[in-house]
Amino acid sequence: MADDPRKLTLYVQSKKAVTTFYRSPAQTTASAGSGVAPPITAAPTGVGDAAAVADQAVYFLSDDQARCVALVEEVAARRGYHVEVVDIEKAGRLERLIAEHLRGVQTFPVLITAGGTRIEGLASFNPERLAEIMPTELKSVRAFSYLKVRGGDLDRIRRLLETFNEVKELHFLTGDWDMLVVLEFASGDSNKRRVLDFVTDRVRGIPEVLDTSTVVPEYTVTKFPIQ
């Protein structure tokens, strides 16, 4: 796992299904091509038959853990990560005892990154926490523009800026600049010139905006959730 920084391991703990009925592997195979369900017989009680049942045991995840798996796989796919899901109930007993990553684990599921960072327990699995441990390149282009504005109705200036789709955040400041505006543009439809054209034409087109200073990053990595 250490060789691939974008690979994660998600450990889950399933439950073994308990049933009073047993369908033999031979019956299941024979019926596969016929479309007819095989008969269900009572569970065997002999030692040999019991071993066969253990080999064919059915495991299932709780809905809570299944939700975590789905969420991790969704976020990982969006951010370019690969997830290996390991059910510790299906792993060998020796492997479970010596696995360094699971030392001290109290609750499942547990997600572990290539660098050893981990999140544990159902409450920890949310888009914000997953995005934090899976930083990725931002597909869109962001820019940051400082504004100096003429004193007056700041609520009116705010409302005007909020009408622009490119304006994602507004921060009011004290000091040399009065506002910091966070802009965002689609990566396939923007460059530094387009960003500056937008600022000079649209933002500075607001009468109360006296001056601007804009920073366009060359490269951006984000830990925030992305759509």
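The values are calculated or read from the model by the stated rules, or taken from the named source; none is laboratory data. It should be emphasised that the depicted structure is a prediction, and the values quoted were computed from it without experimental measurement. Because the Cβ atoms are built from the backbone with ideal geometry, glycine has one as well, and the counts that use them run over all protein chains shown.
Numbers at a glance
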{"read-out": "Among (1) within 19 Å of L138 (Cβ to Cβ); (2) free of Cβ contacts under 8 Å to residues at least 40 places away in the same chain; (3) out of contact with any Phe, Trp or Tyr (no Cβ under 7 Å at 6 or more places or on another chain), the one test that S187 misses", "value": "(2)"}
{"read-out": "Residue under evaluation A143, criteria (1) under 24 Å from the mean Cα position of the chain (by Cα); (2) of a type in the set (G, A, S); (3) part of a strand (DSSP E or B), criterion not met", "value": "(1)"}
{"read-out": "Members of region 146-178 that are more than 11 Å from E208 (Cα to Cα) and assigned to a strand (DSSP E or B)", "value": "Y146, V167, K168, E169, L170, H171, F172"}
{"read-out": "Any pair with Cβ under 6 angstrom, 6 or more apart, that starts in region 197-212 at a residue that is free of Cβ contacts under 8 Å to residues at least 24 places away in the same chain and in the same structural domain as V182 (by TED's automatic domain parsing) and ends at one that is in a helix (DSSP H, G or I) and of a type in the set (F, W, Y)", "value": "none"}
{"read-out": "Residue pairs meeting the criteria (Cβ under 6 Å; at least 6 apart or on separate chains; first within 20 Å of S14 (Cβ to Cβ), in region 44-72; second modelled with pLDDT of 50 or more and in a helix (DSSP H, G or I))", "value": "D64/L122"}
{"read-out": "Residues within region 159-172 that are under 12 Å from L147 (Cα atoms) and either free of Cβ contacts under 8 Å to residues at least 24 places away in the same chain or of a type in the set (D, E) (or both), tallied", "value": "3"}
{"read-out": "So E184, is it among the acidic types (D, E), surrounded by 15 or more Cβ atoms within 10 Å (Cβ to Cβ) and over 17 Å from the mean Cα position of the chain (by Cα)", "value": "yes"}
{"read-out": "Sole exception among (1) of a type outside the set (S, T, N, Q); (2) under 24 Å from P135 (Cβ atoms); (3) exposed (fewer than 11 other Cβ atoms within 10 Å of the Cβ) for D201, by number", "value": "(2)"}
{"read-out": "Condition met for I226 (touching an Asp or Glu at 6+ places or on another chain (Cβ under 8 Å) and of a type in the set (V, I, T))", "value": "no"}
